[in-house]
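A.B. asks: Just passing along the structure, written as C-alpha cells.
The values are calculated or read from the model by the stated rules, or taken from the named source; none is laboratory data. The shown structure was predicted, so the numbers you read here are calculated from the model rather than taken from an experiment. In this analysis, Cβ positions are derived from the backbone assuming ideal geometry, glycine residues included, and neighbour counts consider all displayed protein chains.
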Amino acid sequence: MEIFLVGGYVRDKLLGLKTKDRDWVVVGANADELLKLNYRQVGKDFPVFLHPETNEEYALARTERKTAAGYDGFSFHATADVTLEEDLIRRDLTINAIAEDADGQLIDPFNGQADIKAKILRHVSPAFIEDPVRILRLARFAARFADLGFTIADETQSLMSQMVENGEVDALVPERVWQETMRALTEKTPARYFEVLRDCGALAKLFPEINRLWGVPQPEKHHPEIDTGIHTMMVLTQAATLSDDAKVRFAALVHDLGKGTTPINKWPKHIDHESRGVPLVEALCNRYRIPNDYRELAIIVTKYHLHYHRAAELRDATFLKILESLDAFRRPERFELFLLACEADSRGRTGFEDKHFDQPAIYRKVFEAAKKINAKKLVAQGLKGKDIKEELARQRIESIKQARMN
C-alpha cells in the first residue's frame, strides 16, 4: 500500500499559496484493508475514507467509465491494481493531477508543473468531455487564478464549447450548478467565472437572464461602458472589492436583469427595469434553489437600487418605506449589505470606479435618525394597534426630515 498527497494541496504549494485541506490517494489497497486499519468509510458512490486520527480524506485510487449523460453518469472501479497514473488521468486539469509521495517527490505524468509555470488551465485527457461539472470547475479556477495571470488552453476552450453543443450542460442538476456558482462568487475575480461560461456558450444555457444583457445599450452619459453585460461584470468586480460576502456579490450580479427585457425600440433607456427584474431574479432563485438570504437581498437590491442612487431626491416617507422593506430596524446587517451592493453598482462604470459617492452617508444618517424612534415609548403613552403603527411612522418620518435638514 502506498499513499500520496494529491490535488489542490500540491497545486497550491507549487503556486506558493496558502495550502488548505490535504487530500490523499491510496494505491495498492482495497476497502477491507483500510477498514481493518480503523479508517471510516464515507460516501456510497466511491470509496473515500476518513483517517482514524486526523479525519483527513483518503480515497482509493480509481478509474471511471462514462455510462450515461450528466454528472452522475459514471461507474467507478477501485481495486488494489489501479495505478496512481490511472487515478490521475481521470482528474480535470493538469495542475490538479500532480501527486507527492512520502519523500516529497512529485509525480507529474501530465506536465502539470509546466502548466503552472506557463499559467495555463489545460484538461488532462479527452475524458474531460464526459463530465459537464468540469466546465463549472474550470470556470471557477479561472476566477480563482485570474489575478495570477492564468488563461485557458485553446484546445480546452474548444472542448468546452463542444460539450455545450453536445448538450452535456443540459444534464447538470440545479444543486451542483449553484454549489459551483456560489463558490465562484467567493473567488478573487468572480466575474471571470461568468465570462468563461459565456465564451463557451454555457452561460446562455445556464443563466440566460444574465447572458442576454450583453449587447443591450445604456445611456452613455451615465454608463460610458454602454453595454449592460460589461456593466454587470464591472459591478460584480466592484462588489468583490468592497465585500467578501457572496450575498452582496450575487445581488450585484443580478440587479439589472430587467434591462434584458427592455423592448429594443426603447433602448438605451430602461424605464421600470427594476420592477421587471424582480420576477427574473425570483425565477432564477427558484430554478437553482438558491438560499433565502441570497434571494431576499438580491430582490431588494434589484427593486430599490435606483432609489439608492437618487438618495438626494427622495421624499422622507420613501426613505422609511425602503428601510421597512429592508427590515432594517430588525436586521441592520442586511441594510449594510444593501448599501454595499448598491455602491458596487455606482462604481461599476467606466471612470466611476474611484469616485466619491454621498449615498452611503445619506442612507446611514437617515437610518440612524429613524431607528431612534421606537414603539416602546408609544406603548407607554397608551397607544395601541393601528395607532402605534401610524404614530411610529409619523415620528420616524419627522426624525428623518430633521436629520436631512442638518
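A.B. asks: Any residue that is free of Cβ contacts under 8 Å to residues at least 60 places away in the same chain, among the β-branched types (Val, Ile, Thr) and out of contact with any strand residue (DSSP E or B) (no Cβ under 7 Å at 6 or more places or on another chain) - is there at least one of those in region 329-350?
C.D. replies: No: zero hits.
A.B. asks: Wholly within region 1-62, which strands (runs of 3 or more DSSP E) include no fewer than the required count, namely at least 1 residues that are β-branched (Val, Ile, Thr) and out of contact with any strand residue (DSSP E or B) (no Cβ under 9 Å at 6 or more places or on another chain)?
C.D. replies: Hits in region 1-62: none.
A.B. asks: Taking region 2-32 as the search range and keeping residues that are modelled with pLDDT under 90 and out of contact with any Leu (no Cβ under 8 Å at 6 or more places or on another chain), which one is nearest to Leu106 (Cα to Cα)?
C.D. replies: Across region 2-32, the extreme among qualifying residues is Gly7.
A.B. asks: Name the residue that is nearest to Gly215 (Cα to Cα), counting only residues in region 259-283 that are charged (D, E, K, R) and part of a helix (DSSP H, G or I).
C.D. replies: The qualifying residue nearest to Gly215 (Cα to Cα) is Lys259.
A.B. asks: Right, next: For residues that are over 16 Å from the mean Cα position of the chain (by Cα) and under 23 Å from Asp227 (Cβ atoms), tally how many sit in region 258-302.
C.D. replies: 24
A.B. asks: Just checking, does region 116-134 include any residue being assigned to a helix (DSSP H, G or I) and within 20 Å of Leu236 (Cβ to Cβ)?
C.D. replies: Taking every residue of region 116-134 in turn, none turns out to be assigned to a helix (DSSP H, G or I) and within 20 Å of Leu236 (Cβ to Cβ).
A.B. asks: Look through Val164, Val169 and report the one residue that is part of a helix (DSSP H, G or I), free of Cβ contacts under 8 Å to residues at least 40 places away in the same chain and more than 14 Å from the chain's Cα centre (by Cα).
C.D. replies: The unique qualifying residue is Val169.
A.B. asks: While we're here: Residues of region 390-406 being polar (S, T, N, Q) and buried (at least 16 other Cβ atoms within 10 Å of the Cβ), which ones?
C.D. replies: Across region 390-406, the qualifying residues are Gln395, Ser399.
A.B. asks: If I ask for residues that are in a loop (DSSP other than H, G, I, E, B) and either touching a residue at least 60 places away in the same chain (Cβ under 8 Å) or under 39 Å from the mean Cα position of the chain (by Cα) (or both), which ones from region 368-406 would you list?
C.D. replies: Matches in region 368-406: Lys372, Ile373, Asn374.
A.B. asks: Now for a different question. Just to be sure before I move on: is Leu93 modelled with pLDDT under 95 and surrounded by 13 or more Cβ atoms within 10 Å (Cβ to Cβ) in the structure I sent?
C.D. replies: Taking the combined requirement at face value, the residue does not satisfy it.
A.B. asks: Another question, if that's okay. Which number in (1) crowded, with 22+ Cβ neighbours inside 10 Å; (2) of a type outside the set (Ser, Thr, Tyr); (3) at pLDDT 95 or above marks the one condition that Gln105 misses?
C.D. replies: Only one criterion in (1) crowded, with 22+ Cβ neighbours inside 10 Å; (2) of a type outside the set (Ser, Thr, Tyr); (3) at pLDDT 95 or above is unmet by Gln105, namely (1).
A.B. asks: Restricting to region 159-178, and then to whatever is of a type outside the set (A, V, I, L, M) and either closer than 12 Å to Leu197 by Cβ or surrounded by 15 or more Cβ atoms within 10 Å (Cβ to Cβ) (or both), can you tell me which residue is modelled with the lowest pLDDT?
C.D. replies: Glu168
A.B. asks: Please identify the pairs in which a residue from region 64-83 that is more than 16 Å from Gly167 (Cα to Cα) and assigned by TED's automatic domain parsing to the domain that holds Ile3 has its Cβ atom under 9 Å from the Cβ atom of a residue that is at pLDDT 75 or above and polar (S, T, N, Q), counting only partners at least 6 apart or on another chain.
C.D. replies: Phe76/Thr63; His77/Thr63; Ala78/Asn30; Ala78/Thr63; Thr79/Asn30; Ala80/Asn30; Val82/Thr63
A.B. asks: Then there's this: May I ask you to list the residues in region 270-320 that are under 28 Å from Arg394 (Cβ atoms) and among the basic types (Lys, Arg)?
C.D. replies: Lys303, Arg310, Arg315, listed by residue number.
A.B. asks: Quick one: how many residues across region 85-105 are in contact with an Asp or Glu (Cβ under 9 Å, 6 or more places away or on another chain) and either assigned to a loop (DSSP other than H, G, I, E, B) or farther than 17 Å from Ala61 by Cβ (or both)?
C.D. replies: Selection size over region 85-105: 9.
A.B. asks: Quick one: Ile120 ticks every box in (1) at pLDDT 95 or above; (2) in contact with a Gly (Cβ under 9 Å, 6 or more places away or on another chain) bar one, so which box is it?
C.D. replies: (2)
A.B. asks: Still on this structure, I have one more. Just checking, does region 284-300 include any residue being of a type in the set (Phe, Trp, Tyr) and either loosely packed, with under 15 Cβ neighbours inside 10 Å or assigned to a loop (DSSP other than H, G, I, E, B) (or both)?
C.D. replies: Yes, region 284-300 has at least one match.
A.B. asks: Pick from region 217-246 the residues that are within 13 Å of the chain's Cα centre (by Cα) and in a helix (DSSP H, G or I): which of them is surrounded by the most Cβ atoms within 10 Å (Cβ to Cβ)?
C.D. replies: Ala239
A.B. asks: I would also like to ask the following. Does at least one position in region 179-187 carry a residue that is without any contact (Cβ under 8 Å) to a residue 24 or more places away in the chain and not assigned by TED's automatic domain parsing to the domain that holds Glu343?
C.D. replies: yes
A.B. asks: Which residue pairs have Cβ atoms closer than 6 Å, lie 6 or more positions apart in sequence or on different chains, and pair a first residue in region 102-131 that is in contact (Cβ under 8 Å) with a residue 40 or more places away in the chain with a second residue that is of a type in the set (Asp, Glu) and surrounded by 15 or more Cβ atoms within 10 Å (Cβ to Cβ)?
C.D. replies: Short answer, once both residue conditions are applied: Leu106/Glu100.
A.B. asks: Oh, and also: Within region 263-274, does at least one residue satisfy the condition of being in contact (Cβ under 8 Å) with a residue 24 or more places away in the chain, assigned by TED's automatic domain parsing to the domain that holds Thr302 and closer than 26 Å to Val173 by Cβ?
C.D. replies: no
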